[in-house]
1. Using the 10 angstrom Cβ neighbour count as an exposure proxy, how do A:His82, A:His10 rank, fewest first?
2. Please pull out the direction-averaged projected area of the protein assembly as shown, using the convex hull of its alpha-carbon atoms, in nm² to one decimal place.
3. Straight-line reach from A:Lys68: which lysines have a Cα under 16 Å away, not including same-chain ones fewer than 8 places off?
4. Which aspartates and glutamates, on any chain, are close to A:Lys69 with Cα under 17 Å apart, when same-chain ones fewer than 8 places away are left out?
5. With 10 angstrom as the radius, rank B:Val25, A:Val29 by how many other C-beta atoms surround their C-beta, starting from the fewest.
6. Pop the C-beta distance of A:Arg109 and B:His5 into the FRET formula with R0 = 41 Å and round what comes out to the nearest 0.05.
7. Suppose we keep just the DSSP beta bridges with both residues in the protein assembly as shown; what percent of those would be antiparallel, to 5?
8. Check which residues have an amide H placed less than 5 Å from B:Leu81's amide H, if you skip close sequence neighbours.
Amino acid sequence: AQSVTQLGSHVSVSEGALVLLRCNYSSSVPPYLFWYVQYPNQGLQLLLKYTSAATLVKGINGFEAEFKKSETSFHLTKPSAHMSDAAEYFCAVSEDNYGQNFVFGPGTRLSVLP
Amino acid sequence: SQTIHQWPATLVQPVGSPLSLECTVEGTSNPNLYWYRQAAGRGLQLLFYSVGIGQISSEVPQNLSASRPQDRQFILSSKKLLLSDSGFYLCAWRQGRDEQFFGPGTRLTVL
């Protein structure tokens, strides 16, 4: 069964600094990988996804992530943090079409300091 | 394009009262449907998923139940709410192996 870990339940960065949110996965098959963002009292919004094409994936709001098979990682980065990036971020893995085989990580809360 | 609706947006209910939350999806057919709960400051807990009409799988034993009476309708229910049922409830859909799409959520407070 697949699983996702996110190192750091809370990450703080200064405005303008690099954002790095870590995600490691385990999967018995080539995975599909996703990053979602959640603002307070809202649903989750897809930031970007990896579906076995280019390993460097660009998403919305200036975020990107790189799939590294050897490290089983899919870390999310943004060169320069903005105050509006403060939110909860979830990494997820999907192995197949079956209903239950879509697993979310525990989430990382990103704070951006002025 | 596809859209997903949830209602109500917020709900305050007394302990022991019943619950019915509704989720509908437009613009797609035969989606997988999901109910999640987020307790305050916590991650996503998968409650139920459905791969078709009348097909419900439960991930966590609890006093909640789910039903899918129509292809694009997913209902979360309870006969008697507990304090621990408070949280943010999210409905989602997907097709195939690709991403899940989430609704706006329902904030439930049980007093």
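1. Ranked by crowding around the Cβ, least crowded first: A:His10, A:His82.
2. 12.4 nm²
3. A:Lys49, A:Lys58
4. Straight-distance partners of A:Lys69: A:Glu95.
5. Ascending number of Cβ neighbours within 10 Å: A:Val29, B:Val25.
6. So the FRET efficiency works out to roughly 0.90.
7. Given both bridge residues lie in the protein assembly as shown, the antiparallel proportion sits at roughly 90 percent.
8. Those lying under 5 Å, H to H, from B:Leu81 are B:Gly16, B:Ser17.
No value in this document is a laboratory result; all are computed from the given coordinates. Predicted model, so just to flag it, every value in this text is computed and none were measured. Heads up, the Cβs are rebuilt from the backbone with ideal geometry, glycines too, and the neighbour counts pull from every protein chain shown.
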